[in-house]
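Working notes, structure below.
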Amino acid sequence: MTSNRPTRTHIRAMDRRTFLPLPFLAAGLAVLPRGARAEVDLNRATAFIQQAGNELVAAINDPRLDLPARRDRVGAILRRTIDIEGTGRFILGRYVRQANPAELAEYNRLFDDIIVRNLSARFGEYRGVKFSLGRSQQRTEEDALVNTIIERPNTPAFSLDWRVSEVGGQPRVVDVIAEGTSLRLTTRSEYSAVIQRNGGRVASLLEAMRNQIAQLAAREGRG
Amino acid sequence: MPPVRHGLLRATALAAVLLAAACATRPPADDPEALAEFREANDPFEPANRALFEVHEVADRFVLQPVAEAYRDILPQPVRNGIRNLLGNLRAPVILANDLMQGNISRARITLGRFMVNSTLGLGGILDVSREWGVPGHSEDFGQTLAVWGLGEGFYMFVPLLGPSSPRDLAGQGVDFAINPLTWLGQGAAVDAAGWTRLGLTVVDTREAVLEPIDQVRATSLDPYSTIRSAYRQRRAFEIENREDGGRAVAPAGVTGFGQGVTQPAPPETRR
């Protein structure tokens, strides 16, 4: 056992070996994408979107489901497809640091509720929707952009790009882009406007979000 | 008298007066993040813009939106598509001029070829034959040309009835209007009537195309004004970039756009 214990010289040699490359390591870490995101494989991202899209379309067009059941099904698919927490943090932006832990926790809860309600209300009405992969799938620095074409009866087809990132070892949607307009960027500017116009208080955003959820719930009740 | 000019001038004059009346407060210099955000929004006349936005919202809810909804209810989609194609085709000379001014010869050839095919085989532009052949259209305007020439968009403007804009894009619309041969073609009651009809249809067609997005913004946005501001900026940047991949045509200007017929993705048969 004693022979295994490193001597002083050993330690010094080890120190040198470990610490010499540190600046390089630090530089490497600095250029890596922030957060726990790894590079996402384009084929994997495309397959992921295709599968999620097929599930969504099947749920929306299922003749056995009524509107509330359809919304629930769509909501469940969205929750396992979208990186809701990461997207919420991106949207809150610099105010993440201003919010206290309780506010942040409530924000995460409200944002999850809003995004699922909004998207499932929107998709839930897309009866007869058809979805197919578009021609252009491309890689960006950190994620993949998967292009899809959405066709609905009596409306011209439109294209949607899904930004897919690797989150905790799984592909997850982090943004939806329609005609060059990113949902997370518009929402970020919207949320920051609410905070700024109410004296820079994160609490005012939370209040607006609570009101919106009440309105969405009321509409769902009517629909 | 060209129909659009009066309205445009009046709107610009009104905007200028109101813009001078109210300015946004600049955040203090010791808050660099707030300052960066202020610069990014680039909306120094925000209070005035918000007032104009409210004016527009009232006009929209009482006039534009109901008319666009009636238009959708009354006319079947093939007819609406025909009108959209026709409007897009009538704008082809302006698109061609801007393609050329941007030095984009390949896109200019597409615009010219589409105009020739659609004007003849497409029965004066009602049918988008070229798109069926796998040559989808694109839009251009002088605001985009100015951007390609290196001019920044300038501050944000919201012009009632015209929608979100900027000094560059507003000036661009004026130039597009001036270089459109239809502006100067002929005179008399019939020509005037045709001009007004084209203007009216363009407005109704554009509003119809954004019925769902606007409903969506109103229903889900906590602050529709800033949502539209951000969406407009992103959309313009995307249009200026001329990124055309996989047969997806770059769309014309969003809420203020003309000839939306080119926004659709390529038909399924030609895809893949």
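Taken together, the values in this text are just the output of simple stated rules run on the coordinates, not laboratory data. The model shown is predicted, which means the values in this text are computed figures rather than measured ones. Neighbour counts run over all protein chains shown; Cβ positions are idealised from the backbone, glycine included.
Figures for the structure shown
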{"item": "Additional length obtainable on full extension of the chain from residue B:182 to residue B:211, 0.36 nm per residue less Cα span", "result": "7.6 nm"}
{"item": "Estimated distance in nm for a label pair at residue A:51 and residue B:194, the labels positioned 7 Å out from Cα along Cα-to-Cβ", "result": "5.8 nm"}
{"item": "Calculated FRET efficiency for the pair residue A:94/residue A:42, C-beta based, R₀ 25 Å, to 0.05", "result": "0.20"}
{"item": "Highest to lowest packing among B:184-193, B:32-41, A:194-203, scored as the average C-beta count within 10 Å", "result": "A:194-203, B:32-41, B:184-193"}
{"item": "Computed lengthening from residue B:106 to residue B:77, 0.36 nm per intervening residue step minus Cα-Cα distance", "result": "7.3 nm"}
{"item": "Integer Hz, Karplus 6.51/-1.76/1.60 couplings in order for the stretch A:106-111, x for Gly and Pro", "result": "5, 4, 4, 5, 5, 5"}
{"item": "Inter-label distance for residue B:30 and residue A:58, nm, one decimal - labels placed 7 Å from Cα along Cα-to-Cβ", "result": "6.0 nm"}
{"item": "Other protein chain Cβ atoms within 10 Å, averaged over every residue that makes up A:169-181", "result": "3"}
{"item": "Residue A:211 versus residue B:59: modelled label distance in nm, points set 7 Å from Cα along the beta carbon direction", "result": "2.7 nm"}
